[in-house]
1. For the chain, what does the helix formula give at 222 nm: sum of -39500 (n - 2.57) over DSSP H segments with n ≥ 4, over the residue count, nearest 500 deg cm²/dmol?
2. What angle do you read, to the nearest 10 degrees and between 0 and 90, between the alpha-carbon axis of helix 169-179 and the longest principal axis of the chain?
3. What FRET efficiency, computed as 1/(1 + (r/R0)^6) with R0 = 41 Å and r the Cβ-Cβ distance, is obtained for TRP140 and ASN424, rounded to the nearest 0.05?
4. All other residues with a Cβ under 13 Å from the Cβ of SER96 taken together, and with Lys, Arg as +1 and Asp, Glu as -1, what is their net charge?
5. Assuming a strict under-29 Å limit between Cα atoms, what lysine pair count do you get for the chain once near-sequence pairs (fewer than 8 apart, same chain) are dropped?
6. For GLU211, list long-range residues whose amide hydrogen, built 1.01 Å from N in the peptide plane, is under 5 Å from its own amide hydrogen.
7. What's the ranking of 93-103, 36-46 by average number of surrounding C-beta atoms within 10 Å, highest first?
8. Helix 62-74 versus the longest principal axis of the chain: what is the Cα-based angle in degrees, 0 to 90, to the nearest 10?
Amino acid sequence: MTRRRFLGSAALAAAYPPRSFAADNPPQIEDVLARIRPPSFATRDFPITRYGAREGGKESATAAIAAAIAACTGAGGGRVTVPPGRFLTGAIHLKSHVNLHLEEGATLLFSNDPKDYLPLVYTRFEGTECMNYSPLIYAWEQTDIAVTGSGILDGQADPDHWWQMKTTAKRAELVAAADRGVPVRERIFGEGYDLRPNFFQPYRSSNVLVEGVTIRRSPMWELNPVLCRNVTVRNVKISTHGPNNDGCDPESSSDVLIEGCDFDTGDDCIAIKSGRNRDGRRVGAFCENVIVRNCRMRDGHGGVSIGSEVSGGVRNVWMENNRMDSPHLERALRIKTNSWRGGVLENFWFRNNTVGEVAEGVIDIDFYYPEGPGGPTGGGFKPVMRNVVVEHITSERSKYALYLRGYPDAPISGVRISDCTFRNVARPDVIENVTGLSLDHDLRNDAEMKR
């Protein structure tokens, strides 16, 4: 058994002398938690069956749900309730002070007909703003909104519905329009463009709660708060293995708590983002003050990923007391960008996490995703990556313990690995263009340690 206790080797630590790891006045986790408060709702219920919804999953309840939401918000708020049974719906647009609550035994089946997600709405597709299909559940500039309960949200996506729309050609057309500075409301996509909608996307909203529900078979990303403030995602179970089926993607949002969730996904379990390329820089909003704790990550590309769409920057992320384990989970902590994306990425704490098995690296920071240093023509935006603390991590099996690749003219800066144990590591670490790497020492003479 190959056992690596980081607290690593004296030679490597000497090659990368430590720097200061504290950025200028980063917030404390306690201060962020004190600001995150889930919304509360009036004790009024608006059952969707009162407005004409019929159980069975065959007859559309879209109009009934919209009527219940309108009545609820018009009365000053409360719960729009989905009773036990199967109810078919198209796009749901939440309004302020409304909690969409799924009772035990309730299932919302979302239509897999793209026409049920028209008219187009102002949204983001993989970090670029555009007019596209409505997300399955959407909120635009609302406050105090929630999706709660013990029921099931089923997007009904499969290889013949939504997932076959995974071509990158239309995405490239959207990115090119953004690069030319085309106004967002003139970036008209939707029918014929194969840009799949996300499942739940509150946009420019505040005081958002998602709690207790199970989410299955999404067309794209599952939970994607964009430009939101005060977001809580708690005790949610996500099981979906379609393409680009990220579990939770807070994007350009602040004060976000993700806790007690179970992720089994076809892409990153959690991916923290802030916009793509020129469009992300135009909006210019960090994703910041994000806490991920007590979650379980199963299959996926990354347990917690930061990127790749990080052009607006990401800072102040705490990842604590999570369990990550699957031969089909590629990485535990993954930070990915390139010189098209750029971005300032700083102040990350990856602490007290338990990693069973991952297929690639436990800690993976890579500036070569996927176009490398700017792709064939050069991106021109050097990422800034600094202040990463990795403490009290135990992993049982991986290809790499550390996989760190910066640029020669834009190195990764200030990474501290402390009191970590990496067992059964197949290959030596990859460490390229890293300054201020600190490996605190404990078992310096471990005969099993091979570097």
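Every read-out reported here was derived from the displayed coordinates using simple, explicitly stated rules and does not represent laboratory data. Model, not experiment: these values are computed from the prediction. Heads up, the Cβs are rebuilt from the backbone with ideal geometry, glycines too, and the neighbour counts pull from every protein chain shown.
1. Numbers: 5 runs with 44 residues, N = 451.
After summing the helix terms and dividing by residue count, I get -2500 deg cm²/dmol.
2. Between helix and principal axis, roughly 80 degrees.
3. Calculated transfer efficiency: 0.25.
4. 0
5. Lysine pairs satisfying the spacing and distance rule in the chain number 29.
6. Those qualifying (amide H under 5 Å, at least 5 residues apart or on another chain) are VAL147, THR148, GLY149, ARG234.
7. Values: 93-103: 22.1, 36-46: 15.8.
Most protected by this proxy first, the peptides run 93-103, 36-46.
8. So the inclination is approximately 90 degrees.
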